[in-house]
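Report on the following structure.
The values are calculated or read from the model by the stated rules, or taken from the named source; none is laboratory data. What you see is a predicted model, and the numbers here were worked out from it, not measured in a lab. Cβ placement follows ideal geometry from the backbone for every residue including glycine, while neighbour counts extend to all protein chains displayed.
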Amino acid sequence: MISESEFRSLVSREVIDRNGKSVGYVKTLFKDRESGRPEWLGVMTGTWRNHHRLVPATDDLETSTGRVTIPWTKEQVGAAPEYGEARSPHLRGAGTGGLPALSQGACRHHLRAV
């Protein structure tokens, strides 16, 4: 499991998919409100880094290289639910449920993709 200090250090790190392709950069971190446990990475993706995708903060993340290597492909992350920037209350595709509803959709997406 990712420690709290390691989780915070992921911001601005490059994200690499399981095939070695660059996916984007960690922009935002999301923790479980009750447990404080790391839950999601908000990853900037796209040519202009203008898309923000949720990626689970799982034990499968590899961070020892100074980058974050994830167990999904770039294409799978690109198809994951998108959220608004951290300062924006709007979560694209989340309806009125906010982050909990969006994270449920992202969880279903990434579980199907593995």
Checked segment 39-69 for anything farther than 14 Å from Glu14 by Cα and among the hydrophobic types (A, V, I, L, M, F, W, C); matches are Trp40, Trp48, Leu54, Ala57
In the set Ala106, Ala80, Ala101, Ala94, the lone residue that is modelled with pLDDT under 80 and either outside any helix (DSSP H, G or I) or under 19 Å from Arg8 (Cα atoms) (or both) is Ala94
Report the residue count in segment 37-61 for those that are more than 11 Å from Ile2 (Cβ to Cβ), charged (D, E, K, R) and not in a loop (DSSP other than H, G, I, E, B). 1
Do we find that Thr47 is free of Cβ contacts under 8 Å to residues at least 24 places away in the same chain and hydroxyl-bearing (Ser, Thr, Tyr) in this structure? yes
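Yes/no per residue for (1) surrounded by 12 or more Cβ atoms within 10 Å (Cβ to Cβ); (2) modelled with pLDDT of 90 or more; (3) in a loop (DSSP other than H, G, I, E, B):
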{"residue": "Val23", "(1), (2), (3)": "yes, yes, no"}
{"residue": "Glu34", "(1), (2), (3)": "no, no, yes"}
{"residue": "Trp72", "(1), (2), (3)": "yes, yes, yes"}
{"residue": "Glu75", "(1), (2), (3)": "yes, yes, no"}
Odd one out for Ser12, checked against (1) under 19 Å from Glu75 (Cβ atoms); (2) surrounded by fewer than 18 Cβ atoms within 10 Å (Cβ to Cβ); (3) in contact with a Phe, Trp or Tyr (Cβ under 7 Å, 6 or more places away or on another chain): (1)
Residues (at pLDDT below 90, over 15 Å from Asp17 (Cα atoms) and surrounded by 13 or more Cβ atoms within 10 Å (Cβ to Cβ)) located in segment 38-70: Pro38, Glu39, Trp40, His51
